[in-house]
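This report concerns only the one structure given below.
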Amino acid sequence: MSRLGPIAPEDMSDEQRVVFDGITGGDRQKGGDPSEFLNDEGALRGPFNAMLRSPELGDITQEMGACVRYRTIIPGPLRELAILVCGRHWRANYEWYAHAKIARREGLSDDVINGIMDEQEPSDPDHKTVYQFAYKLNKTGRTDDELYARTHDLLGERGVFELTVLIGYYATVSNILNVFQVPIPEGEPLPFPD
């Protein structure tokens with residue numbers, strides 16, 4: 001059961017409406033299905049509902065999310081792979097639920113997705129590099145020189161920076177989802193039953 005109830009658009013303050021409009025009218029609108037971030041009544045779901053509780057910080061947070069998801073140089077399959085590693089590490093049910101679907105749309109196979117759930121490294125060299133980078137950064141807060149060099153060879157300096165920020169952002173999102181016990185839609189299997 002969620003610790004936060006939804007806020008209907010008509011009940012939002014002006015500051016909350018700025019956050020809502022940034023989420024529903026920005027990059028996310030161009031990037032896919034609105035059901036990814038709106039419930040059947042038109043209120044925000046997932047981590048976005050929590051972001052309304054502190055509109056200034058919520059708006060900055062959602063804008064960072066839009067940037068790391070839609071305006072990064074990291075290819076979609078690698079981006080989603082890193083997000084799933086974060087969701088798996090933090091055992092964030094909603095993050096896994098939402099991004100496993102997105103990962104499939106971006107071209108990640110069920111074998112790769114299921115492997116991440118089982119904490120198994122992918123065999124594809126690019127997938128393996130991003131998996132190891134995200135896994136190590138989540139586990140230790142660091143990467144060694146060899147892994148950094150491989151990631152730099154794959155994504156360049158800008159890509160390493162963007163991947164690092166993406167991992168930090170989705171760690172934050174995972175914590176938001178877990179603290180506020182954001183549920184996945186009814187009837188869906190729970191990725192991380194406790």
Close pairs (7 angstrom Cβ cut-off, 6 or more residues apart or separate chains): closer than 17 Å to residue 181 by Cα in segment 91-114, surrounded by fewer than 21 Cβ atoms within 10 Å (Cβ to Cβ) and of a type in the set (A, V, I, L, M) anywhere: 93/184; 93/190; 94/184; 97/184
Members of segment 158-174 that are within 11 Å of the chain's Cα centre (by Cα) and of a type outside the set (A, V, I, L, M, F, W, C): 168, 169, 170, 172, 174
Residue check, residue 73 touching a Lys or Arg at 6+ places or on another chain (Cβ under 9 Å), farther than 24 Å from residue 46 by Cβ, of a type outside the set (D, E, K, R) and modelled with pLDDT of 95 or more: yes
Filtered residues of segment 143-163 (kept if surrounded by 19 or more Cβ atoms within 10 Å (Cβ to Cβ), of a type in the set (Ser, Thr, Tyr) and in a helix (DSSP H, G or I)): 151
Verdict on residue 57 being surrounded by fewer than 16 Cβ atoms within 10 Å (Cβ to Cβ) and either of a type outside the set (Phe, Trp, Tyr) or in contact (Cβ under 8 Å) with a residue 24 or more places away in the chain (or both): yes
Sole residue being closer than 18 Å to residue 37 by Cβ and modelled with pLDDT of 95 or more, chosen from 130, 173, 85, 165: 173
Residue count, segment 165-194 (criterion: of a type in the set (Val, Ile, Thr), buried (at least 18 other Cβ atoms within 10 Å of the Cβ) and in a helix (DSSP H, G or I)): 3
Residue list for segment 103-123, restricted to those being part of a helix (DSSP H, G or I), surrounded by 12 or more Cβ atoms within 10 Å (Cβ to Cβ) and of a type outside the set (Gly, Ala, Ser): 104, 105, 112, 113, 116, 117
Matching residues in segment 72-102 - criterion: being crowded, with 22+ Cβ neighbours inside 10 Å, over 18 Å from residue 184 (Cβ atoms) and in contact with a Leu (Cβ under 7 Å, 6 or more places away or on another chain): 79, 81, 82
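The values are calculated or read from the model by the stated rules, or taken from the named source; none is laboratory data. Bear in mind that the values here come from a model prediction, so they are computed numbers and not experimental data. Quick reminder, even Gly has a Cβ in these numbers, built from the backbone with ideal geometry, and neighbours come from all protein chains shown.
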